[in-house]
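A.B. asks: Encoded as structure tokens, here's the structure I'll be asking about.
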Amino acid sequence: MTLDSEELFNLYRRMLLIRRFEEEAARAYAQSHAGGFLHLYIGQEAIAVGASAAMAESDYVFQTYRDHGIALARGMAPGAAMAELFGKDTGCSRGMGGSMHFFDVEHGFYGGWGIVGGHLALAAGTAFKSRYRGDGAVTICFFGEGATNIGGFHEAFSLAGLWKLPVVFICENNRYAMGTPLSRTSPLTDLTLKAQGYGMAADGFVGSDVSVVKERVATAVKRARDGEGPTFIEIQTYRFRGHSMSDPAKYRSREELEERKKDDPLAVTRAQLEAAGAEVARFDEIEEAVEREVAAAVEFAHDSPPALEQTMLDTVLVKGQS
């Protein structure tokens, strides 16, 4: 798929928005404005943006606790996202979910989920609903390579393959399940081979080029929408920060990290645009616009009222019942 420069600039801007949002989220966490856990998406932006560009607005999306990137790529307002990290009532989950539990029905984002592998069965459920109703929607479910050994992974794959559900399972293989490399948790290094056991199509590639991500995911989404069944995609990627803000990532060397940064998706896309004749001024304009947008999101989060106790009670207890 050859994208024109304008579309590629648009994807670049979305990736930059995610990168700057995550950097400011880390800053806010260090300053104690955000609490709980915080898992950053820095280094994996091409997957969220490329995959989102391959979806329809009516499709369903599920993600792990590393959920900020795909939420923003799907269209969540940065202010609502940042306010959720700050525990504010204006957050996407009214300040009740925090970093790991973003939710945005308007944009088809059905949650970040904290239980490893647990959300795959939910994704199979929405895909079954779409098949049953014939509504044409496709479910896209993201997870890490560590989830491929979890019971929910196999249960979801079994039913999806059996019933040819319109779902695309995307494994974001960032090489470390928390701090454990894949070589210590799986006898397979090519995880796409697992799809054979469930009668579904598979694909695998490196996810540093947003154009490639869009093309390959679009093929799987079309296949699902056309009633040809599910696809398992393994995308090789790398997170530049630790598993979470509490992880110093001492299980990998500085040399390894610097080598992986050579495939930074933002740098890859910028190089493509420069090769096509893009001027530096255009990048400066985008960067300035993104800086303003992220700064406004932080200001909005600071100025918003805190989460309300009554909201918590209303969403836990049935109204009118003692």
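Nothing in this text is a laboratory measurement; each read-out follows from the coordinates by a stated rule. These numbers were taken from a predicted model, which means no experiment stands behind them. Neighbour counts run over all protein chains shown; Cβ positions are idealised from the backbone, glycine included.
A.B. asks: What distance in nm separates the simple spin-label points at Ser32 and Ile150, each placed 7 Å from Cα in the Cβ direction?
C.D. replies: Using points 7 Å along Cα→Cβ, the separation is 3.2 nm.
A.B. asks: Quick check: pseudo-label points 7 Å beyond the Cα along Cα→Cβ at Arg225 and Glu7, how many nm apart are they?
C.D. replies: Result for the modelled spin labels: 1.3 nm.
A.B. asks: Something else about it: For Lys261 and Met312, FRET efficiency with R0 = 41 Å and r from the beta-carbon atoms, rounded to 0.05?
C.D. replies: 0.50
A.B. asks: Quick query: amide H of Ile170 versus all other amide H atoms, modeled in the peptide plane; which residues come in under 5 Å with a sequence gap of 5 or more or a different chain?
C.D. replies: Cys141, Phe142, Phe143, Ile233
A.B. asks: Next up: Can you sort Ser253, Ser93, Ser32 so the residue with the fewest Cβ neighbours within 10 Å comes first?
C.D. replies: Ordered from fewest to most neighbouring Cβ atoms within 10 Å, Ser253, Ser93, Ser32 come out as Ser32, Ser253, Ser93.
A.B. asks: Something else: Take the cross-link list Lys214/Lys250; Lys164/Lys194; Lys88/Lys250 and give me the ones stretching past 23 Å between alpha-carbons.
C.D. replies: Lys214/Lys250; Lys88/Lys250
A.B. asks: Starting from the Cα coordinates of region 61-213, work out the convex hull volume and express it per residue in Å³.
C.D. replies: Enclosed volume per residue, from the Cα hull, is 122 Å³.
A.B. asks: OK, next. Order these by the 10 Å Cβ neighbour count, fewest first: Thr180, Thr192, Thr139.
C.D. replies: Thr180, Thr192, Thr139
A.B. asks: Specify, per residue and in Å³, the volume enclosed by the convex hull of the alpha carbon atoms belonging to the chain.
C.D. replies: Considering the Cα atoms of the chain, their hull volume per residue is 144 Å³.
A.B. asks: Output the relative contact order of region 5-304, whole-number percent, from Cα pairs under 8 angstrom with separation of 6+ residues.
C.D. replies: Averaging sequence separation for qualifying contacts and normalising by length gives 24 percent for region 5-304.
A.B. asks: Another one. Give me the Kirkwood hydrodynamic radius of region 179-322, using the inverse of the mean 1/r over all pairs of distinct Cα atoms, in Å to one decimal.
C.D. replies: Taking the inverse mean of 1/r over all distinct Cα pairs, region 179-322 comes out at 20.4 Å.
A.B. asks: Would you mind ranking Lys129, Lys319 so that the residue whose beta carbon has the fewest other beta carbons within 10 Å leads the list?
C.D. replies: Ordered from fewest to most neighbouring Cβ atoms within 10 Å, Lys129, Lys319 come out as Lys319, Lys129.
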